[in-house]
Structure formats: structure tokens, C-alpha cells
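Everything below concerns the one structure shown next.
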Amino acid sequence: MRLVTCFAVMALAVPALAQDPTQQILLQQQIQQNIQASANATQQAMQASQQANQQALQASQQGLWPNYGPALLPRPKLSLKAGTYDGPQTLKLTDSARGATIYYTTDGWTPTPLSAQYDGPITISSTTHLQAIAVSNYGKSFIVDAQYNLPNTALPPPSAIVVRPDGVLQQGTEVSLAFDSDVDSKWAQVGDKVSLQLASLIKVGGRTLAPSNVTAQGTVIHLDHKDAGGAPGVLTVRVDWLRANGITVPLTAIYTIEGRNHVDRVRSLIFIPVVGLASLAQRGEDAEISKGTAIVAHVVADTNLEPGS
């Protein structure tokens, strides 16, 4: 009898609590606080993304070497011809301009002041697309580039992105991406959206998100067409975000590519003897980013990929 009475009291107490106006108010306040906290976190992440992208844009604009004027310095010279090799090779870069500094990249993107500065021989141990530029107080050179193919020493595929056990993709995590279509300075426009693909897997809560279930996007933020003076085209693309599990993750990365440039022999016969017009003997090409070109972005802020868990 006492047991039945206890159950009866409990049965009456539960709905009483549920109907208690004070409890309902507290519950609504808690829900509102959670919603506000989530909105604040999203806003902070977007603000951090905008700040990071602005900083990256400034670095990218510096990467166009705007303070060095036209390309008047000779290109750096490569000790190793482009081509296919059976194993690792040693590459040396030299320049003939007094006081010049060489900057280079090994991923096919245009060197910037933030790129590696040449200070000794480079070991080519895997397939590499090298670009280099010489810079001094008197100006800069055009880009020199070379593709080195080492079929037997290819780089391994990007490793999977592992999310924390609580479902959070941490700030600073590297995200490997690839362009989903070609982009060309001949027809692209500033503001164009660029579709990107995830180049690795994301592991969340013991399951794997395939790249096909993740979308990513970038934006063309700077564009120069090639001109009659010999300057090549230039493209700058910013990585904005990826979307996984229906959740948008802010990313940051900015890449610049400059079109190839070569000497026009007919023009060189006319202009090379004229001091100060050497650059007019150059012929620039459009900047092109091919489908499948790899890039790496970073997560701007901690993002929970399982907010409902």
C-alpha cells in the first residue's frame, strides 16, 4: 500500500513540476542562453575568418611585389633541367643581379615575400613544381619555373583529418583541398566563386565522411590580365569555407598564381639594345589554375561537427 502511494505521489509531482511557471521560465531562459551562445560563437568564428583573410590578402598583395616596379632583373638560373628523374636530385639557384635575393616555392604557386628564401642547394626528393623569383632594391625578375617528375618517389596522399572525441574540429587544423574546375585570368572575374573538393577524409565520432559528402568554396579576390607590355596574368584565390555534416567550417588560405613569361625573339631584336626597355621583349601568358590543383587551408576557429550530440 505504501509502495502504491509513493508511485501515486510521484505521478502527481512530475506533471506539477512540468507545469510550474518558474521552471518553465528557467527552461526558456536556458534555451535562449544556449541559442545566444551558439550565435555568438558563430559570429566570433566569422569575424576571426574575416580578420585572417584580410591579413592573408595583405600578404598576397605584398606577394605581387608592387613596390619593385616592372620586371627588369634577369631570372634566377636553375642548375637542373626540368624533366623526369629516377631518384632524388640536387638543385642550385643562382642570380646575376647585384644584391638580389631569391624566393622560391615547390608547389607550383607564385613566390611571395613569405615564401622560402634560397640559402643553399634544394633536394628534390619527390615530384615538384618549382618557381623562383629574384628581387633587389632595383626591381624584380619574372618567374622561372620547372617541373621535376620523380615517379618512384611520389608523395603519399593527405592523411585523414581526425576530429576530437567531442566532435570539435580544432582551430589551425590543416585541410587539404583541390580545385574542382579550371580557373583562368583570361575569363575569370573578381568575386567569382570557386568550387573546391576535399582531398582527404574526415573522421567524426567513429565514422568517416567521404570527400563527396563535403563541399568547399573559395573566391577570386584579385585579377590582372596579361598586357602588351609583357606582364603576365595574375590570379589570387581565397579559400572561404567547407561544409561537413551540414555545418559550415570557416577556413583561411590565399594563393596567388602568375602566368608564365618568355622572351619574344622578334621583340628582343628590336628592344634589347634600348636601355630600360628589356622587359618589353617579354611575352606574358594568362594565369591558369588547373582542375585538381592542390592547396592547403587552415581552420579559423574550433567548430563542433556534432552539435546535436
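The values are calculated or read from the model by the stated rules, or taken from the named source; none is laboratory data. Here the structure is a predicted model, which means the values were calculated and not measured. Because the Cβ atoms are built from the backbone with ideal geometry, glycine has one as well, and the counts that use them run over all protein chains shown.
Observations on the model:
Conditions (1) more than 14 Å from the chain's Cα centre (by Cα); (2) of a type in the set (Ser, Thr, Tyr); (3) more than 19 Å from Thr256 (Cβ to Cβ), marked per residue:
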| residue | (1), (2), (3) |
| --- | --- |
| Ala178 | no, no, no |
| Asp184 | yes, no, no |
| Gly191 | yes, no, no |
| Thr215 | yes, yes, yes |
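- Failed condition for Ile122, given (1) buried (at least 17 other Cβ atoms within 10 Å of the Cβ); (2) farther than 23 Å from Thr84 by Cα; (3) at pLDDT 95 or above: (2)
- Hits in the range 225-243 (condition: of a type outside the set (Lys, Arg), out of contact with any Pro (no Cβ under 8 Å at 6 or more places or on another chain) and buried (at least 18 other Cβ atoms within 10 Å of the Cβ)): Gly230, Pro232, Gly233, Val234, Leu235, Thr236, Val237, Val239, Leu242
Let's see how each residue does on (1) under 18 Å from Ser290 (Cα atoms); (2) in contact with a helix residue (DSSP H, G or I) (Cβ under 9 Å, 6 or more places away or on another chain); (3) at pLDDT below 90:
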{"site": "Val175", "(1), (2), (3)": "no, no, no"}
{"site": "Asp180", "(1), (2), (3)": "yes, no, no"}
{"site": "Val183", "(1), (2), (3)": "yes, no, no"}
{"site": "Gly218", "(1), (2), (3)": "yes, no, no"}
{"site": "Asp224", "(1), (2), (3)": "yes, no, yes"}
{"site": "Pro232", "(1), (2), (3)": "yes, no, yes"}
{"site": "Arg238", "(1), (2), (3)": "yes, yes, no"}
{"site": "Trp241", "(1), (2), (3)": "no, yes, no"}
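- When the residues of the range 262-309 are filtered to those that are outside any loop (DSSP other than H, G, I, E, B) and touching a His at 6+ places or on another chain (Cβ under 9 Å), the one that is modelled with the lowest pLDDT is Gln282.
- Boolean, Pro76 is within 20 Å of Asn261 (Cβ to Cβ) and modelled with pLDDT under 80: no
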